[in-house]
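Values in this text are rule-based calculations from the coordinates and carry no lab data. Every value quoted in this text rests on a predicted model; they were computed, and no experiment measured them. We place every Cβ from the backbone using ideal geometry, glycine too, and count neighbours over all the protein chains shown.
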């Protein structure tokens, strides 16, 4: 009874907007009744967004290279330098894909790739400036702290210098890429060559100070403990207390195919939904919570809308990294809007900064573009998306 009363107290305090501790968050995650946990998280959402709007985005994730020196055990996408299957796209190909995205209504592009041994700050300056010159209407929400650390090392400049230069070249926002698990033990187990979680957050904090906002992510299901999952949240919240620079938190689940971990550990749907709910209660200082239907499936994505989520992510016109590891969940614009509306919410297309571009208050206001389909997976799913196989011009990755 004491434990039950304690859980009720934490849920009521969190639902009312109060700050809960890491220890309390762990207790909720492991012991709170599922429905009570979801109700408390949804109360937080309703207080923040009383209009009942759930947002979505149209974007494209374009990978410029799969060559990488980091060799993360969970990654099925990368190839080592000089590997026969390594590739790099020329700028012309990246711009062509940006043009396709704009034609389909995309407002954002994510340019991401491996840690190529030759790519310093200069490469990213040229890439971002080329995209901005050709498509100034596209927000570049791209790369992550790991890429920033790598490019700074290659170019022999400070982290701050690298951030200032790529911002000047056109970078609008930093993705939460590379967070995986931030606590030391699980991070070293799955990505021993990557920077520490604390260092990842240092780069984010530096970017926030220099005027670039970002998102924060979490990959769950690679053998981390419940306590380590909550520690991950706490590490992000500590930085958010100081900077306020994280717009959204986006947890997703590890995909088991074609990588060294081979699916020995995975997170269940219930574990994911509980984490989503706890995150909404715990992150009193992070505005938005996004569900990852791409990794959990559309059913779990829709359920998450009752667990505190206010954003259903994107119709991602291209995605290769997670698809390479087995994510096969695909959708289209009509279906994504239906998922939101049938959950009793109002769908709205947003931009990178979560500004509403179009609110679909009635089905008659829904967009009707059958071309907006997730996703052209040019590597993992040849011929995906619109059903047209895309032959990709590649350059020597060296």
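Things to note:
- Protection proxy ranking of 238-246, 139-147 - average other beta-carbon atoms within 10 Å, highest first: 139-147, 238-246
- Two-decimal Rg to Rh for the range 108-227 - Kirkwood Rh, Cα set: 0.98
- Inverse of mean 1/r across different Cα pairs in the range 39-365, Kirkwood, Å: 19.9 Å
- Three-way shape call for the range 183-235 based on the alpha-carbon gyration tensor, with the a/c threshold at 1.5: prolate
- The label-point distance for residue 366 and residue 85, in a model that sets each label 7 Å from Cα toward Cβ, rounds to 3.8 nm.
- Packing here is the average count of other Cβ atoms within 10 Å per residue, and on that basis the peptides 214-221, 351-358, highest first, run 214-221, 351-358.
- Within the range 39-365, antiparallel bridges make up roughly 10 percent of the DSSP beta bridges whose residues both belong there.
- Ranked list, fewest to most other Cβ atoms within 10 Å of each Cβ, for 338, 252: 338, 252
- Exposure proxy ranking, count of Cβ atoms within 10 Å, fewest first, for 366, 59: 366, 59
- Simple label model, 7 Å out from Cα along Cβ direction - residue 133 to residue 23, nm: 5.8 nm
- For residue 184 and residue 210, a Förster radius of 30 Å and the Cβ-Cβ distance give a FRET efficiency of 0.70, rounded to the nearest 0.05.
- Divided by 2.2 N^0.38 Å, where N counts the residues, the Cα radius of gyration of the range 1-118 comes to 1.69.
- Taking 342, 304, 155 and counting other C-beta atoms within 10 Å, the order from fewest to most: 342, 155, 304
- Taken along the Cα-to-beta-carbon direction at a fixed 7 Å, the label points for residue 12 and residue 161 span 5.7 nm.
- Relative contact order %, the range 39-365, counting alpha carbon pairs below 8 Å whose residues are six or more apart: 23 percent
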